[in-house]
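Structure first, then comments.
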Amino acid sequence: MGIREPYASRAKHIGHRLIELESCNPGLVRIRGNTDLYVISAMANKLKALGFRKRFFQSSQQFIYDAFLSYQRAAEECLPYTLFAGPRNLNGHTHCWAGVGLYVGWFGGLAITEFFQRKTGDLDGVVMIVNIEPFYDRISDLLDTFQNDTAPDGSSFDRAIVLDGAILGLAPIVIREYLNDHYPGYKLQRQAVREHAGRTFDVLDISTADGGSKTLYFALSKI
């Protein structure tokens, strides 16, 4: 998967840091894997193509985990297909990053599991979700600073809500999560993709539960 800077370089440092953390504190890096056998098999084949070999009777999922937390090259190969789940915000939502360090937004628990079904690069979902909350302070220097809870309100192009999760195909999830949280009971009236100042925006017209109407701007950003 082609990744622009600074994230391509960050992936090398993040991989090294995760291996170091797990080596010093076995069991610290906790992983939840995709249960889709096609996604797991595809990731295992990527590692095999690099020369890594699965042990006899070892599951493909365990093979991926072991390689990911043991070998730098394997970590770098897996990180673009990985999601980091970190600390929670004041509303109890979890701040999340792509494995290469790109902040993708905050999500509720059920929304996070949808990452497993969202196309990521050439795979049909993220391979694994890594819980980085227990060691967030030891890896945060390699991650984008997360947006605070007073994010832009989406009222114009200039105050658009930034959707950095587009790398993981997450724009629909982010938008739905935002609308459910801020405009419960809303109805979507119209949606269009527009270009402005060299950026791509999703512009939505919605009707609110109290009978009002509102236009919201979401800025799409990709690696």
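FYI, it's all coordinate maths here, none of it is from the lab. Quick caveat, the model's predicted, so the values are computed rather than measured. Methodologically, a virtual Cβ is constructed for each residue, glycine included, from the backbone with ideal geometry; neighbour enumeration extends over all protein chains shown.
Of note:
- Inter-centroid distance (Cα atoms) of segment 1-42 relative to segment 183-223, Å: 33 Å
- Nearest-0.05 FRET efficiency for F157 and D122, computed from C-beta distance (R0 35 Å): 0.65
- Straight-line cross-link reach from K46 at under 16 Å between alpha-carbon atoms covers these lysines, not counting any fewer than eight positions away in the same chain: K54.
- In degrees, nearest ten, helix 171-182 long axis to first principal axis of the chain (Cα): 50 degrees
- With a Förster radius of 30 Å applied to the beta-carbon distance between D181 and R138, the computed FRET efficiency rounds to 0.50.
- The GNM of the chain, with springs linking C-alpha atoms under 10 angstrom apart, assigns the highest mean-square fluctuation among K187, K46, K119 to K187.
- For V193 and K54, the FRET efficiency from 1/(1 + (r/R0)^6), where r spans their Cβ atoms and R0 equals 45 Å, is about 0.60.
- The simple spin-label model puts a point 7 Å past each Cα toward its Cβ; for R30 and E114 those points are separated by 2.4 nm.
- By DSSP, the beta bridges lying fully in the chain are antiparallel in about 80 percent of cases.
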